[in-house]
Amino acid sequence: MEWTKEEIKKEGYEKVVYAEHKPSGMRGIISVHNTARGPACGGLRMLPYGNKEEALYDVLRLSQGMSYKSALAGIGFGGGKSVLIGDPQKKTPAMLQAFGQFVETFGGKYIAAKDMNIDTHDLAEVRKTTNHILGAEGQPGSGGDPSPLTAVGVFRSIEAAAEMLFDSRQLSGLTVAIQGVGHVGYDLAKRLHRAGARLIVTDISPASTERAKKDFGAVVVDGDAIYDQTCDIYAPCARGATLNVKTIPRLRCRAVVGCANNQLETEQDGFRLMERGVLYAPDFVVNSGGIINVFCEYEGYNAARANTLAEKIYDTTREILRRAASSGKPPFIVAEEVAKERIRNPALP
């Protein structure tokens with residue numbers, strides 16, 4: 001038997017399936033959280049998860065986050081996500097093509113895009129066995145790399161947070177500490193530098209931090225030390241779940257605004273930030289530029305429309321932060337409430 005598939009029943013999720021393709025070694029999970037506003041779209045990532053349960057935990061959180069993200073972005077997508085289990089250095093064309101076959105079994109209910117450790121060449125292989133894929137650069141009608149548009153949203157959200165804290169969206173003279181200066185983080189650093197912000201950066205890649213130091217005069221610190229830096233804004237732009245009971249007490253910032261997915265390890269961590277007086281802009285609001293770019297490709301790509309939608313992330317972030325301040329609730333709770341309302345009423349913008 002070439003394929004082994006197991007549908008995993010999870011309350012609140014429409015369809016979650018684990019699959020193995022023995023000839024290629026492909027092991028993966030596709031999670032469709034909600035399709036009320038449109039087909040579930042979300043990236044494919046590949047990580048060497050310790051086991052299936054760890055991968056399932058990740059994909060469930062991510063797919064739910066995509067539902068909220070797309071709803072708050074005002075686009076016609078639902079939420080989905082997929083993961084490949086394994087060493088990204090050992091992925092093969094056969095494995096990626098098998099994943100495409102797996103996507104095809106969802107009949108368009110799930111649309112894959114690019115995420116961690118999956119590049120353009122990988123998506124080209126996936127496309128050989130399914131048409132339900134978006135964001136593959138170099139393809140006719142592609143919206144290209146969504147990283148710049150994601151960075152636009154993060155930058156505008158930082159402006160919104162600055163306005164809440166300092167009554168001005170001007171960033172000149174502020175210090176921003178960025179955890180992760182890859183595609184999005186580097187673009188964000190460039191925009192912040194142009195705006196006159198001082199930068200502190202860290203990354204697992206020495207080449208990435210040296211680039212930021214050379215191009216923007218960024219101060220480079222070792223990975224774990226980023227939590228201890230005195231700054232105005234802390235921007236997590238790498239792995240998720242890094243805001244937790246261990247790291248939050250170490251933060252020396254006024255606000256957290258970054259592009260990493262699922263930054264809070266638990267919901268309680270959102271309350272911990274509020275108790276410490278740290279303003280938290282919910283990640284699924286802040287980092288929605290990427291899914292906006294992909295949705296505009298789905299519609300028929302128009303760069304001007306994509307940029308206009310991404311610029312509106314400033315207004316959405318500001319509104320969420322203001323509602324949170326007036327209600328006394330953590331911003332992530334307010335954002336979830338607004339997202340759920342839009343999912344219950346798909347006609348809402």
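Entry remark, the range 6-41: residues being basic (Lys, Arg), buried (at least 18 other Cβ atoms within 10 Å of the Cβ) and without any contact (Cβ under 8 Å) to a residue 60 or more places away in the chain number 1 in total.
Consider Asp203 carefully, then state whether it is more than 19 Å from the chain's Cα centre (by Cα) and either of a type in the set (D, E, K, R) or modelled with pLDDT of 95 or more (or both). Judged against the criteria, Asp203 is not a match. Test Met116 against the criterion of being of a type outside the set (Lys, Arg), under 20 Å from Arg37 (Cα atoms) and touching a Lys or Arg at 6+ places or on another chain (Cβ under 9 Å), and give yes or no. The answer is no for Met116.
Within the range 309-318, does at least one residue satisfy the condition of being closer than 29 Å to Tyr57 by Cα, in contact (Cβ under 8 Å) with a residue 60 or more places away in the chain and out of contact with any Gly (no Cβ under 6 Å at 6 or more places or on another chain)? Taking every residue of the range 309-318 in turn, at least one turns out to be closer than 29 Å to Tyr57 by Cα, in contact (Cβ under 8 Å) with a residue 60 or more places away in the chain and out of contact with any Gly (no Cβ under 6 Å at 6 or more places or on another chain).
For the range 190-206, the criterion of being of a type outside the set (Phe, Trp, Tyr), within 19 Å of Ser288 (Cβ to Cβ) and out of contact with any Leu (no Cβ under 7 Å at 6 or more places or on another chain) is met by at least one residue. For the range 16-51, residues that are in a loop (DSSP other than H, G, I, E, B) and more than 23 Å from Gln89 (Cβ to Cβ) total 5. Within the range 221-234, being among the β-branched types (Val, Ile, Thr), surrounded by fewer than 18 Cβ atoms within 10 Å (Cβ to Cβ) and in contact with a Ser or Thr (Cβ under 6 Å, 6 or more places away or on another chain) holds for one residue alone: Val221. Can you confirm whether Lys90 is free of Cβ contacts under 8 Å to residues at least 12 places away in the same chain and basic (Lys, Arg)? Taking the combined requirement at face value, the residue satisfies it. Scoring Ala162 on the criteria (1) without any contact (Cβ under 8 Å) to a residue 12 or more places away in the chain; (2) at negative phi; (3) out of contact with any helix residue (DSSP H, G or I) (no Cβ under 9 Å at 6 or more places or on another chain) leaves a single failure, condition (1). Among the conditions (1) touching a Gly at 6+ places or on another chain (Cβ under 9 Å); (2) assigned to a strand (DSSP E or B), the only one that Arg61 does not satisfy is (2).
Go through (1) farther than 23 Å from Lys190 by Cβ; (2) modelled with pLDDT of 95 or more; (3) charged (D, E, K, R) and name the single condition Lys214 misses. With (1) farther than 23 Å from Lys190 by Cβ; (2) modelled with pLDDT of 95 or more; (3) charged (D, E, K, R) applied to Lys214, the lone miss is (1).
The values are calculated or read from the model by the stated rules, or taken from the named source; none is laboratory data. The structure presented is a predicted model; accordingly, all values stated were derived computationally and were not measured. Every residue, glycine among them, receives a Cβ derived from its backbone with ideal geometry; neighbour counts consider all protein chains shown.
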